[in-house]
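The values are calculated or read from the model by the stated rules, or taken from the named source; none is laboratory data. Owing to the predicted nature of the structure, the values given are computational and were not obtained by experimental measurement. So basically every Cβ, Gly included, is an ideal-geometry build from the backbone, and we count neighbours across all protein chains shown. Calculation scope for accessible area: heavy atoms of the full protein, side chains included, ligands and nucleic acids excluded. Shrake-Rupley method; radii C 1.70, N 1.55, O 1.52, S 1.80 Å.
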Amino acid sequence: MTTRYKLDRIDLKILAELQRNGRITNVELAELVHLSPSPCLMRVKKLQKAGYITGYAAQIDMAKLGETLTVFTEFTLSNHRQIDFARFQEVLEKVECCVECHLVSGGYDYLAKFVTASISDYQTIIEGLIDRNVGIDKYFSFVVMKTPFSKTQMPLTHLFADKV
């Protein structure tokens with residue numbers, strides 16, 4: 001259940017700090033955002049209840065686990081009815097190795113990010129999607145050779161500072 005809650009600058013600071021470190025103690029967080037611990041905790045709970053904080057997760061160093069392959073894939077669908085989009089999205093969301101999916105404007109319909117164990121693993125996934133006849137007209141694959149950087153935190157104070 002989410003409720004309406006108007007954000008202010010302190011809420012944005014709280015969200016930005018929790019993005020950086022979801023395991024920060026309430027006392028440390030309160031210090032960083034210049035509140036006492038009790039009001040800080042109340043704000044965090046309000047942000048959770050209002051749906052601004054949807055969960056907490058560990059960031060994993062995939063390279064330490066072993067070799068993986070990241071592939072960005074452009075998909076163009078055969079038909080562009082709402083039911084076709086919904087069916088494609090429903091099937092793709094169930095593919096565990098598909099970690100992102102975006103409906104985009106431009107020369108294709110979707111941009112998806114896959115993280116797989118190998119190129120053959122990726123190809124098996126794509127062939128499975130084609131065999132399931134989920135409306136794919138064409139697809140283009142872009143294998144990632146190197147990721148110079150990847151940010152997990154959104155620039156909240158930059159994006160929304162003037163809106164609160």
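For the condition over 30 Å from Arg9 (Cα atoms) and either surrounded by 13 or more Cβ atoms within 10 Å (Cβ to Cβ) or not basic (Lys, Arg) (or both), Ala161 does not qualify. The listed residues are Ile60, Ile10, Ile24, and the only one of them that is of a type outside the set (Ser, Thr, Tyr) and loosely packed, with under 11 Cβ neighbours inside 10 Å turns out to be Ile60.
When the range 119-137 is limited to residues that are more than 15 Å from Thr68 (Cβ to Cβ), in a helix (DSSP H, G or I) and acidic (Asp, Glu), the one that is most open to solvent (accessible area, probe 1.4 Å) turns out to be Asp131.
Please verify whether the range 138-149 includes one or more residues that are among the hydrophobic types (A, V, I, L, M, F, W, C), farther than 26 Å from Leu65 by Cβ, without any contact (Cβ under 8 Å) to a residue 24 or more places away in the chain and open to solvent by 70 Å² or more (accessible area, probe 1.4 Å).
Within the range 138-149 (the criterion being among the hydrophobic types (A, V, I, L, M, F, W, C), farther than 26 Å from Leu65 by Cβ, without any contact (Cβ under 8 Å) to a residue 24 or more places away in the chain and open to solvent by 70 Å² or more (accessible area, probe 1.4 Å)), the answer is no, since none of the residues qualifies.
Inspect all residues belonging to the range 61-73 and state whether any of them is outside any loop (DSSP other than H, G, I, E, B), in contact with a Lys or Arg (Cβ under 6 Å, 6 or more places away or on another chain) and at pLDDT 95 or above. Scanning the range 61-73 turns up at least one residue that is outside any loop (DSSP other than H, G, I, E, B), in contact with a Lys or Arg (Cβ under 6 Å, 6 or more places away or on another chain) and at pLDDT 95 or above. Residue count for the range 90-103, restricted to those that are open to solvent by less than 50 Å² (accessible area, probe 1.4 Å) and not in a helix (DSSP H, G or I): 3. In the set Leu47, Leu35, Leu111, which member is in a loop (DSSP other than H, G, I, E, B), of a type outside the set (S, T, N, Q) and open to solvent by less than 90 Å² (accessible area, probe 1.4 Å)? Exactly one residue qualifies, and that residue is Leu35.
Checking the range 63-85 against the condition returns no match, with no residue being exposed (fewer than 10 other Cβ atoms within 10 Å of the Cβ), among the hydroxyl-bearing types (Ser, Thr, Tyr) and touching a Gly at 6+ places or on another chain (Cβ under 7 Å). Taking the criterion of being within 15 Å of Ile136 (Cα to Cα) and either in contact with a Pro (Cβ under 7 Å, 6 or more places away or on another chain) or polar (S, T, N, Q) (or both), the residues of the range 82-113 that qualify are Gln82, Gln89.
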